[in-house]
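Report on one structure; see the data block that follows.
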Amino acid sequence: MPNMCLHFCIQPADDFLDNRENIIGEAEGSGAGMLSCCRDLIALSIHQDAIRSRNIAIPLVHDENRVIAFHRWDDGEDLLVVGSLNDTPFEHGHRLHCERMGGDVWEEIFNTDADKYGGWNVGNGGGRIRATAGVLDAVLPASGVLVFRRL
């Protein structure tokens, strides 16, 4: 079996035009959801100072369930980013524990699995969830990322 990377690297330069990606076509067609997701994620990183903060805690790394969560905060703004690489969603919730979540209310502000991005809309519907004693029970999509903001 040939090395695909090597095969790709030695393609003649004259077939570049035949094999290039149609970025504009993809942005208007099947790739529109992914492009919209990327734009919204960039906007989130611009408008939410905490996401760029050096303050970070990683309250959950669950290898078996393939879930990771990290908490970012800065001057009164708190965000919780949860990523699931699991092949199936946690539609009945996944317990996230972090002492810093306390008993506060957290609002889902970003979900890579949203309808508008071409996903199945598995998540918390942009809704609010109350943590109890530092435990947040959040619905997680398969292979997705959620961002929550403390209210």
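Quick one: which residues, 5 or more positions from residue 139 or on another chain, have an amide H under 5 Å from its amide H? H modelled 1.01 Å from N in the peptide plane, none for Pro or chain starts.
Residues meeting the amide H criterion: 94.
Run the numbers for residue 49 and residue 121: contour at 0.36 nm per residue of separation, minus the present Cα-Cα distance, in nm.
Roughly 23.3 nm would be gained on extension.
To the nearest 10 degrees, how steep is helix 32-47 against the longest Cα principal axis of the chain, on a 0 to 90 scale?
Its long axis makes an angle of about 50 degrees.
Once fully extended, how much extra length lies between residue 66 and residue 17, figured as 0.36 nm per residue of separation less the alpha-carbon to alpha-carbon distance?
13.7 nm
Which of the GluC sites (Glu not before Pro) across the stretch 15-54 are loop residues per DSSP, with 10 or fewer other Cβ within 10 Å?
21
So, in nm, how far is label residue 87 from label residue 27 when the simple model puts each one 7 Å beyond its Cα toward the Cβ?
A separation of 3.5 nm, rounded to one decimal place.
Grab the Cα-Cα distance for residue 39 and residue 151, subtract it from 0.36 nm times how many residues apart they are, and report the gain in nm with one decimal.
37.9 nm
Hey, what do the phi angles of the stretch 114-129 turn into as Karplus ³J(HN,Hα) couplings, whole Hz, using 6.51/-1.76/1.60 and θ = phi - 60°, x for Gly and Pro?
5, 3, 5, 9, x, x, 9, 6, 8, x, 10, x, x, x, 10, 10
Every read-out reported here was derived from the displayed coordinates using simple, explicitly stated rules and does not represent laboratory data. This structure is a prediction, so every number in the text was calculated from the model and none was measured. Methodologically, a virtual Cβ is constructed for each residue, glycine included, from the backbone with ideal geometry; neighbour enumeration extends over all protein chains shown.
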